[in-house]
Each structure stands twice: as structure tokens, then as C-alpha cells.
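Reviewing the structure listed below.
The values are calculated or read from the model by the stated rules, or taken from the named source; none is laboratory data. Since this is a predicted model, take the numbers as computed values, not measurements. In this analysis, Cβ positions are derived from the backbone assuming ideal geometry, glycine residues included, and neighbour counts consider all displayed protein chains. SASA here: full protein model, heavy atoms, side chains in, ligands and nucleic acids out. Shrake-Rupley method; radii C 1.70, N 1.55, O 1.52, S 1.80 Å.
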Amino acid sequence: MSGASITQAKSSLLLALDQLNTDDHFNIIEFNSHTNTLFDGLKKNTQETLDIARRFVSDLTANGGTNMAPALSTAFNQMQSIYKPESVK
């Protein structure tokens, strides 16, 4: 993921941040051999959280492996914390 790949991934992530609406919540989950989140949970899209996120993205580097499963589990759990699924009838 080094070189052009990390550069493209970071550019894509910055573009995604620019597309967030004011009602959106987000987090950034970095994963390689380990999983690391920017925030403890999903945060409301504000100028402050966007500025923090952009700095975080700028500091991302390519390290370790590509263990995606813990990152996906973290994302799923964070989404469930604020977007409760409707009960099945």
C-alpha cells in the first residue's frame, strides 16, 4: 500500500470527507496489522471534526499487513450504536 497506492487512498478519503452532509456522522478507521480509530465512536460532521480528520488522513502511512476484519467489525459496531435497526415483526 506504499507509494502511489497510499497517496490515492488518502486523496479518496479526503474527497469522501468533502462529500459529507451536515447531518452525517463519521469516523476514520485505520487498519493494517492493527486497527486504530480516529474517534472513540461516530462523530457529527462539524468543521472541527473535519479539520481533525483531515490532519489524521495527512498523517496516515502504509504500515504492516492488511487485516481488514477487525476494522469492518469496528465500523459495524459503531454504526449500530447510533443507527438502531428496526425490530423485525
**OP:** Determine, yes or no, whether Ser33 is of a type in the set (Ser, Thr, Tyr), under 22 Å from Asn77 (Cβ atoms) and either in a loop (DSSP other than H, G, I, E, B) or out of contact with any strand residue (DSSP E or B) (no Cβ under 6 Å at 6 or more places or on another chain) (or both).
**Re:** yes
**OP:** Identify all residues within segment 36-75 that are farther than 30 Å from Gly3 by Cβ, of a type outside the set (Lys, Arg) and open to solvent by 60 Å² or more (accessible area, probe 1.4 Å); write none if there are none.
**Re:** Asp40, Gln47, Glu48
Subject >> So Ser5, is it of a type outside the set (Val, Ile, Thr), in a loop (DSSP other than H, G, I, E, B) and loosely packed, with under 11 Cβ neighbours inside 10 Å >> reply: no
Original post:
Does Leu17 satisfy the condition of being open to solvent by less than 40 Å² (accessible area, probe 1.4 Å) and part of a helix (DSSP H, G or I)?
Top reply: yes
Subject >> Set Asn67, Asn27, Asn63, Asn77: member being without any contact (Cβ under 8 Å) to a residue 12 or more places away in the chain and not aliphatic (A, V, I, L, M) >> reply: Asn77
Original post:
Can you pull out the residues in segment 43-62 that are at pLDDT 95 or above and outside any helix (DSSP H, G or I)?
Top reply: Lys43, Lys44, Asn45, Thr46
